[in-house]
Amino acid sequence: MRLHALQYLRAFAALAVVYSHSAMQVPEYEIFLRETGSFGVDIFFVLSGFIMIYIAKPDDTPHAFFANRVRRVIPLYWFFTGLMAAILLFLPSTFKATTFSLDSLLMSLAFIPHWSVAHSDHVWPLVAPGWSLVFEMYFYSVFALSLFLAARFRIAFISAFISIVFVLASYFNDGESALAKFFSLSIVFEFILGMLLAVAWKRGFRLPPSTSWYLLVFALCLLLLDMPVVRILKYGMASFFIVLACLFIRVKHYDWAVLLGDASYALYLSHIFTLGILRKVLPPLLGDGGLAAYLFVVISLVVCTLVSIPIHYLVDNWLLRHERLNFIKGRTHASSEA
């Protein structure tokens, strides 16, 4: 069953992240633009937790599941990590602060949390948006371990594992350890919210479409409030309600919207490269002031989206073909779902 509203939500989440990054590209424009949009990652995490339970099969094995996730996530991420390394070596002025570091490159490829070479107070890989993929791979690893257990123990095991790691990381987080800081972020619990939602869905929980629309509006208002609380409460609960609402909203099938959802991963990873170019090209043409700032964001959203579509077709899909990655064996039915 294809849940079209969730597919469209993937596109919305990716575009929200693009907005958040485009709003901070030009210092002169930042004063006119609201700092928001990072909640797109929170939506992705709730969606990821939901989808992993939604596509789970009784015959899943840890190896097959993890191989399938690796095959879906790693190729495009490694492609852009390699591209970033090449740009930083040969065109270092393209990005505002990022510099090349071999240690950062190797740890980025291995999904090891480490201090950013560009922003020393952040735990970011070489391709900054890849920090969320480190969490995704962590979640997939724990999920794969849970497949050794009976299905009824799966969510309890994952929740306990994540909670124990979170508590330990919080205890040892002294500001010096990148690992401790990273795994003490409350955003990780959003995967659990998504899994619980999938269980409720599978057990028959339903909402009327009209109620779902009201819930969606309520959740979007929560995001705009931007409450000064921990992230799981600030964005996580709102993202949970958004995904919940989108499960039961009736929407028509639009090929272009489905395509945007399919290309959301390519958009998420590629947009910082596109923004790096637009940041140099557009400001001299647009000038200063609020109108220029708004135009910069709109143009950035459109151009980043248009660039991501051929990347989705020509790079991501090419890398995912079996003949290109025949050394990774996993189920094929799940790769198109998330």
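Every read-out reported here was derived from the displayed coordinates using simple, explicitly stated rules and does not represent laboratory data. Since this is a predicted model, take the numbers as computed values, not measurements. Positions of Cβ are generated from backbone atoms using ideal geometry, with glycine treated the same way; all protein chains shown enter the neighbour counts.
Below, the figures for the structure above:
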{"item": "Protection proxy ranking of 213-221, 177-185, 12-20 - average other beta-carbon atoms within 10 Å, highest first", "result": "12-20, 177-185, 213-221"}
{"item": "Charge dipole (debye, nearest 20) of the range 4-320; +1 at Cβ of Lys and Arg, -1 at Cβ of Asp and Glu", "result": "940"}
{"item": "In nm, spacing of pseudo-spin labels at residue 70 and residue 153 (7 Å Cα→C-beta vector)", "result": "2.5"}
{"item": "Extension gain from residue 120 to residue 35, taking 0.36 nm per residue of separation minus the Cα-Cα distance", "result": "28.5 nm"}
{"item": "Sum of -39500 (n - 2.57) over DSSP H runs of 4+, divided by residues of the chain (222 nm, nearest 500)", "result": "-20500 deg cm²/dmol"}
{"item": "Fewest-first ranking of 69, 152, using other Cβ atoms within 10 Å as the exposure measure", "result": "152, 69"}
{"item": "Span-rule helices in the chain, defined as complete DSSP H runs reaching 15 Å or more along the axis (Cα) with Kyte mean at least 1.6", "result": "39-54, 154-172, 209-225, 237-248, 290-311"}
{"item": "Sequence of 252, 202 once ranked by neighbouring C-beta atoms within 10 Å, starting from the fewest", "result": "252, 202"}
{"item": "Residue of 65, 139, 90 that the Gaussian network model of the chain assigns the largest fluctuation, springs spanning Cα pairs under 10 Å", "result": "90"}
{"item": "Whole-Å distance, taken between Cα centres, linking the range 34-59 and the range 113-134", "result": "20"}
{"item": "Spacing of the two label points (7 Å from each Cα toward its C-beta) at residue 221 and residue 258, in nm", "result": "3.5"}
{"item": "Extension gain (nm, one decimal) between residue 206 and residue 294, 0.36 nm per residue minus Cα-Cα", "result": "27.7 nm"}
